[in-house]
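One structure below.
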Amino acid sequence: MVSENGQVMQAVEFLNPGENAEPRVTQQKIPALQEGEVLIRVYAAGINRPDLAQMAGRYPPPPGASTIPGLEVAGKIVAVKGETAGLSKGDKVCALVSGGGYAEYCSAPAPQCLPLPEGYDFIRAAALPENFFTVWVNLFEHGRLQKGEKLLVHGGSSGIGTAAVQIASALGIDVAVTAGSDEKCAACLELGATTAVNYKTDDFVDILGENSTDVVLDMVGGDYLPRNMQVLRDRGRHVSIAGLRGWTTEISIFDIMRKRLVLTGSTLRPRSIAEKSTIAKALHETVWPLLAAGKIAPVIHEVYPLEDVATALSLLESSAHIGKIILKIDA
Ligand SMILES: NC(=O)c1ccc[n+]([C@@H]2O[C@H](COP(=O)([O-])OP(=O)(O)OC[C@H]3O[C@@H](n4cnc5c(N)ncnc54)[C@H](OP(=O)(O)O)[C@@H]3O)[C@@H](O)[C@H]2O)c1
């Protein structure tokens, strides 16, 4: 709870980042605002796989970012500083942040805030920013994905995957996924994928076929890369967003030349506010109406109170979930 003088709040701290890290709720300072920022009373925060990497000491916050974990929040604005693009106290928003989300209060650059989609509560809105910003920029900017093309999403049942399947299907793209169980595959088909391959029992190259796919959104890396190149057709685009099975691999340079492939990828967190603002505007214009109309919706696996952050992170680590895990922070 916030103290009477309003200076401290409950927030999560990763004690001993590394192998024996321990997520704990502790009392921490309410963030001071920079010019152009808003202070959000957070009611829900999304958890994401990069948070596990931060806890393990492999993904430190970028310079100037909060050391409190958490890359996305939803809540109500309680203070603003300077020019905040029309946002003011009392507005309900969700926001992409570079850290600080697992807390009662979080600061956010105004251009990284979006209004709650019509009919959305804080829990559902907190499930949007990190995955929707990432999917949008990687599929449509880096992957140059077009209506009528064929997309393969690895990790189709992940937070990222469930967003990618829905956004792409809703925009007229034929989506195939891989996932680690029949239940996860069924969930992806339900969300709009037309093919789902359980990679534990089947081979995605055999099922999809060589030269079948325009864009691969890949979080697996390692030995998947040469196989992804097999399924890509002439002028295909390979977009890397993580390397869950490894960061290095051997590929044929001649295959890149022969098929005129583009190998690309990106990270979201270190991007400038201006770049994030451009993505926010595109999402607001194209994806927010789909959310408001109920054509797509974030998949929420489980909601935990902030005090149960350790259980929430263990569930994410186990990969037993489908979609998003959310922390709820009561008033
Ligand atoms: N580059 C960026 O800007 C950016 C931004 C956000 C997230 N990411 C990355 O995107 C990935 C997904 O994030 P998320 O928050 O959506 O995670 P998530 O919900 O935890 O999903 C990750 C999924 O990957 C699969 N997986 C785990 N270990 C694997 C392995 N060794 N080989 C193959 N599949 C494995 C699991 O599903 P199965 O049961 O199907 O194996 C799991 O559900 C993470 O790696 C994250 O770091 C990148």
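Have a look at region 93-136 and give its Rg and Dmax from the Cα atoms, expressed in angstrom.
In order Rg, Dmax, the Cα atoms of region 93-136 give 10.2, 28 Å.
Under the rule a/c < 1.5 gives rounded, and otherwise a/b versus b/c splits prolate from oblate, where does region 1-60 land using the Cα gyration tensor?
The shape class here is prolate.
To the nearest 0.05, how large is the calculated FRET efficiency for Leu33 and Arg235 if R₀ is 45 Å and r is the Cβ-Cβ distance?
Working: r = 46 Å, r/R0 = 1.03.
Using R0 = 45 Å, I get an efficiency of 0.45.
When a footprinting reagent is the concern and you count Cβ atoms within 10 Å, what order do Ser314, Ser158 take, fewest first?
Starting with the residue having the fewest Cβ neighbours, the order is Ser314, Ser158.
Please state the relative contact order of region 132-265 as a whole percent: Cα pairs under 8 Å, 6+ residues apart?
Contact order relative to length: 22 percent.
Within the set of other residues whose C-beta is less than 15 Å from the C-beta of Ile207, count the net charge using Lys and Arg as +1 and Asp and Glu as -1.
-3
For Asp308, Asp51, Asp255, what's the fewest-to-most ordering of other Cβ within 10 Å of each Cβ?
Asp255, Asp308, Asp51
Quote the convex hull volume per residue of region 132-265, based on C-alpha atoms, as a whole number of Å³.
89
Calculate the FRET efficiency for Ser272 and Lys89 from the Cβ-Cβ distance with a Förster distance of 35 Å, rounded to the nearest 0.05.
Taking R0 as 35 Å, the efficiency between Ser272 and Lys89 is 0.85.
Which of Cys188, Cys113 comes first, and how do the rest follow, when ranked by fewest Cβ neighbours within 10 Å?
Least crowded to most crowded, the residues run Cys113, Cys188.
When the helix-only estimate is applied to the chain (DSSP H runs of n ≥ 4, each -39,500 (n - 2.57), divided by the residue count), what is the mean residue ellipticity at 222 nm, nearest 500 deg cm²/dmol?
Details: 11 runs with 90 residues, N = 331.
Result for the chain: -7500 deg cm²/dmol, rounded to the nearest 500.
Can you tell me the relative contact order of the chain? Whole percent, Cα pairs under 8 Å, sequence separation 6 or more.
Averaging sequence separation for qualifying contacts and normalising by length gives 18 percent for the chain.
Which of the GluC sites (Glu not before Pro) found in region 1-101 are loop residues per DSSP with 14 or fewer other Cβ atoms within 10 Å of their Cβ?
Here the sparse-neighbourhood loop sites are Glu4, Glu19, Glu35, Glu83.
In nm, give the distance between the simple-model label positions of Gln7 and Thr201, each being 7 Å from the Cα along the Cα-to-Cβ direction.
Label at Gln7, label at Thr201, 6.0 nm between them.
Two decimals, Cα atoms only, Kirkwood Rh: what is Rg/Rh over the chain? Can you show the working numbers first?
Values: Rg = 19.7 Å, Rh = 20.2 Å.
Using only Cα positions, Rg/Rh for the chain is 0.98.
What number in nm² do you get for region 1-141 if you take the convex hull of its Cα atoms and divide its surface by four?
9.2
Given axes a ≥ b ≥ c from the Cα gyration tensor, I'd like to know whether region 200-242 is rounded (a/c under 1.5), prolate (a/b larger than b/c) or oblate. Show your work: numbers first, answer last.
Numbers: a/c = 2.02, a/b = 1.02, b/c = 1.99.
Oblate, since a/c reaches 1.5 and b/c is not below a/b.
Coordinate-derived values only; no laboratory data. All of these numbers come straight from a predicted model, not from anything done at the bench. Note that each Cβ is placed from the backbone with ideal geometry, even for glycine, and that neighbours are counted across all protein chains shown.
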